[in-house]
Amino acid sequence: MVPEVPEFESYYGRQIIKTPTWKTPDVPLYLFLGGLSGASALLAEGAALSGNAELERFTRVVAAAGAGVGTGFLVHDLGRPERFLNMLRVLRPTSPLSVGSFILAPFASLSSAAVASHLTGRLPRLGRLAGVGAAGFGGPLATYTAALFANTAVPIWHSARRELPFVFAGSGAAAAGGLAMAALPVRATGPARRLALAGAGLELSAATTMERRLGMLAEPYHQGRSGTLMRAARAATLAGGVLAAVGGGSRVLRGLGGIALVAGSVTTRFAIFEAGLASARDPKYTVIPQKERIAARQRAEGADPAHVGTTAG
C-alpha cells in the first residue's frame, strides 16, 4: 500500500512530462472545425437522401470550408506546409496522427468535390459519390483527434480515452446542427435540430461520465482557466439545447439556440486543450495515479494466490 501523504511534492517541484507544444488557438480551432466538418458532411448526406435541398447546400459548404480552414490551422501549427505532406508519405496504423492525416486529406478532397458539383450542377453522379465518401469519412474526422489526444502521456487526456471520442462526437454534432439552425429558415432545419439535440445530450452526458471516472484527475476541469472554460461550455451547450428543444417554430429561438450550441462546442475544445496543458504541468497528476495503480495491482495480486504464486515462481 502507498502511504497517505498530507500534500504531494515532486523532485524540486519539477514537471515529469513535457507540456505539449501545440499552438493556441490553432489546435483547439482545428479540433472544433474537424468535428463541425465531419458532422456537417453526415448531415448533408442525410439531407440529400431526404430531398432537403437548402440544408444539403448549406452543410456541404460548411463541410468543405471547415475542412479547408481546419487544414490551414493544422499546417500553421506544424510550421511548414511540407510537414503535412510528409505525413502522407507513409500510413502507420499504430499512429493516430498518421491515420488522421489519411482521414483529413480524402475528406477535404471529397467534400470539396461534392460542394463544387452541387453548386455548379456539373457531374452530379460523381458529386453524389463524393458526398457519400465525405460522409463516410465524417465520423472518423470528428473523433480521431480524441484518439490522438488519448494516445499521449498527458494524464487527463490519456485516462479519458473511453469517453473522449463520445465527447468530441457529441460536440461536433451539436455544432453542425446548431450552425444550420442559426443560418437557415425553420422549414429546413428539422434534421439539424434533431442532430443538435442528440449531440448536446451526448456531449454533456459523456463529459459528466468522464469527469466522474477521472476522479482527482478531473480537477483541471473545475479549476483555473480550463475550469472557467468548461463551465462556460456547459452553460452554453445546455442553454442551446433548451432553446432548441422549446423553440418550436420560432426562428429567433432556434437561431439563438444554434449560436449557443456552436459557442459551447468551440469552448469545449479550448477547455479540454487547456485542461491537458494544466495536467501536464502539475506532476501530481502523473505520479499519484501511478501510485494508485501500483497499489491496486498489489492488492489484486495479494487477493489471488494463484497469481501471486505464478509471479513468485
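A compact table of results
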read-out: FRET efficiency, 1/(1 + (r/R0)^6) with R0 35 Å, evaluated for A300 and V246 via beta carbons; value: 0.10
read-out: Highest-MSF residue in the chain out of G34, G201, G249 [GNM, Cα springs under 10 Å]; value: G249
read-out: For the range 153-181 versus the range 71-132, the gap between their alpha-carbon centres in whole angstrom; value: 21 Å
read-out: Using a Förster distance of 41 Å, the FRET efficiency for S50-Q290 (Cβ separation, nearest 0.05); value: 0.20
read-out: Sorted largest first, extent of the range 158-301 alpha carbons per principal axis (Å); value: 61, 31, 18
read-out: Per residue convex hull volume, Cα atoms of the range 1-146, in Å³; value: 186 Å³
read-out: Along each principal axis, Cα extent of the range 9-71, largest first, Å; value: 64, 20, 11
read-out: Extent along principal axes [Cα atoms of the chain; Å; largest to smallest]; value: 71, 48, 41
read-out: GNM flexibility winner over the chain from E54, E82, E301 (Cα, springs under 10 Å); value: E301
read-out: The range 125-201: equivalent-ellipsoid semi-axes (sqrt of 5 x gyration tensor eigenvalues, Cα, Å); value: 28, 18, 8
read-out: Order of W22, W157 - criterion: other Cβ atoms within 10 Å of each residue's Cβ, fewest first; value: W22, W157
read-out: Cα convex hull of the range 203-286 - mean projected area over all directions, nm²; value: 5.3 nm²
read-out: Computed over the range 169-214, Cα set: Rg, Dmax in Å; value: 12.3, 42
read-out: Helix-only mean residue ellipticity at 222 nm for the chain, each DSSP H run of n ≥ 4 adding -39500 (n - 2.57), per residue, nearest 500; value: -26500 deg cm²/dmol
read-out: GNM top mover of A135, A108, A232 - the chain, alpha-carbon springs below 10 Å; value: A232
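FYI, it's all coordinate maths here, none of it is from the lab. Values in this document were obtained by computation on a predicted structure and should not be read as measured data. For neighbour counting, all protein chains shown are included, and Cβ atoms are generated from backbone atoms with ideal geometry for every residue, glycine included.
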